[in-house]
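Following: one structure in structure tokens, then a few remarks.
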């Protein structure tokens with residue numbers, strides 16, 4: 001797995017917290033408060049995540065939890081033929097983090113956030129996860145539904161260019177904010 005740092009690490013930590021909350025059927029708040037034990041089907045308790053969570057990762061995870069209904073509705077609208085429950089937990093939570101950033105984080109470049117989600121999908125998801133995540137994020141960008149949350153004009157231009165090309169391609173851009 002690649003070495004994550006900066007905002008990439010924040011996104012990974014947020015994804016882990018969301019994944020863990022979903023798997024444990026607990027709130028993100030409970031997971032972040034230190035309730036890290038998950039009981040598997042055999043009744044064994046497993047430590048899923050431990051250690052400190054970075055401030056931006058906490059903000060992302062709690063933001064996704066707070067805006068979950070809106071984000072999930074957006075995913076459902078753009079995942080034609082896929083019920084939200086059929087999307088793998090990794091892909092579903094990657095999409096949630098990316099869409100939260102696209103909609104609610106003013107200082108995040110749209111193309112960078114989307115590219116980060118695709119890279120995480122390559123590292124953590126199945127063989128086609130990155131294509132699926134890219135496709136959903138591209139569809140949302142083309143629809144304009146992620147706009148209007150105070151994004152900078154250059155980020156909007158990046159999103160439009162990426163969506164028009166069918167690929168989120170922002171190699172060389174850094175987002176260690």
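The values are calculated or read from the model by the stated rules, or taken from the named source; none is laboratory data. Computed from a predicted model, the values in this text were never measured in an experiment. Backbone-built Cβ (ideal geometry, glycine too); neighbour counts: all protein chains shown.
Filtering the stretch 60-69 down to residues that are touching a residue at least 12 places away in the same chain (Cβ under 8 Å) and part of a helix (DSSP H, G or I), which residue is farthest from residue 14 (Cα to Cα)?
In this case the residue turns out to be 68.
Identify all residues within the stretch 31-59 that are part of a loop (DSSP other than H, G, I, E, B) and at pLDDT 85 or above; write none if there are none.
Result: 54, single match.
Please verify whether residue 118 is surrounded by 15 or more Cβ atoms within 10 Å (Cβ to Cβ) and within 19 Å of residue 21 (Cα to Cα), treating the condition exactly as stated. Against the criterion (surrounded by 15 or more Cβ atoms within 10 Å (Cβ to Cβ) and within 19 Å of residue 21 (Cα to Cα)), residue 118 does not qualify.
Looking only at the stretch 1-30, residues that are farther than 23 Å from residue 107 by Cβ, modelled with pLDDT of 85 or more and part of a helix (DSSP H, G or I) come to 7 in all.
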